[in-house]
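Structure first, then comments.
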Amino acid sequence: MSACEPNVQRKAGVVIASTRAAAGVYADETGPIILDWLKEHGFDAFPTMVVPDGEPVGAALRALLTQEPAVVITSGGTGLSPDDRTPEMTRPLLEREIPGIMEGIRRAGVAKTPMAMLSRGHAGTAGKTFIINLPGSPKGVMDGLAVLDPVIGHLCEQLEGNHGH
């Protein structure tokens, strides 16, 4: 994070796509994992938005983008159930896709479970914001964040227009 302007903390948003967690049926388990990771990487996170699957995810993403965060991470809604529509809500907001990140995440996941192949998430940019869809399971989120670990700083610097190494 040394290439950042001094005292300017990168903002981050977290959207949890879970109809049941939004309804209070059970606690969101992935949000705290993502928040810890963001804090470790020097991000200042907005309060986590826990929303039902589908259109509310798109609304939450659009609201977050008005705040111009450096990073937005979603969890959930990336599978094949009828209400898994997070990728469909995310894709129209992306100006540039970064397929290599999702390839890396799926490759890391498939090493542990073939089910990782079924994750349909996107990664890309909207303006200077990096957006990524992670699965709804704590293990899937941890695997995805591990793949992001070595690239997140450089990715943010590039989006900010700092091409230092």
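What pairs come out if I take residues in region 93-122 that are touching a residue at least 24 places away in the same chain (Cβ under 8 Å) and pair them with residues that are acidic (Asp, Glu) whose C-beta lies under 9 Å away, six or more apart or interchain? Hits for this filter: 105/143; 108/143; 109/143; 112/143; 116/143; 120/84; 120/88; 122/97.
All of 88, 95 fail the test of being at pLDDT 95 or above, among the acidic types (Asp, Glu) and within 23 Å of residue 161 (Cα to Cα), apart from 95.
Against the definition (modelled with pLDDT under 95, over 17 Å from residue 64 (Cβ atoms) and surrounded by 13 or more Cβ atoms within 10 Å (Cβ to Cβ)), how does residue 27 come out, yes or no? For residue 27, the condition - modelled with pLDDT under 95, over 17 Å from residue 64 (Cβ atoms) and surrounded by 13 or more Cβ atoms within 10 Å (Cβ to Cβ) - is not met. One residue stands out among those in region 116-154 that are of a type in the set (A, V, I, L, M, F, W, C) and surrounded by fewer than 19 Cβ atoms within 10 Å (Cβ to Cβ): the one that is farthest from residue 99 (Cα to Cα), which is 142.
The residues of region 20-49 that are among the aromatic types (Phe, Trp, Tyr), without any contact (Cβ under 8 Å) to a residue 60 or more places away in the chain and out of contact with any strand residue (DSSP E or B) (no Cβ under 8 Å at 6 or more places or on another chain) amount to a single one, 26.
The rows are residues; the columns are (1) assigned to a loop (DSSP other than H, G, I, E, B); (2) hydroxyl-bearing (Ser, Thr, Tyr); (3) at pLDDT 95 or above.
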| site | (1), (2), (3) |
| --- | --- |
| 6 | yes, no, no |
| 11 | no, no, yes |
| 39 | no, no, yes |
| 56 | no, no, yes |
| 61 | no, no, yes |
| 69 | yes, no, yes |
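The values are calculated or read from the model by the stated rules, or taken from the named source; none is laboratory data. No experiment lies behind these values; they were computed from the predicted model shown. A quick note on method: Cβ atoms are made from the backbone with ideal geometry, for glycine too, and the neighbour counts reach across all protein chains shown.
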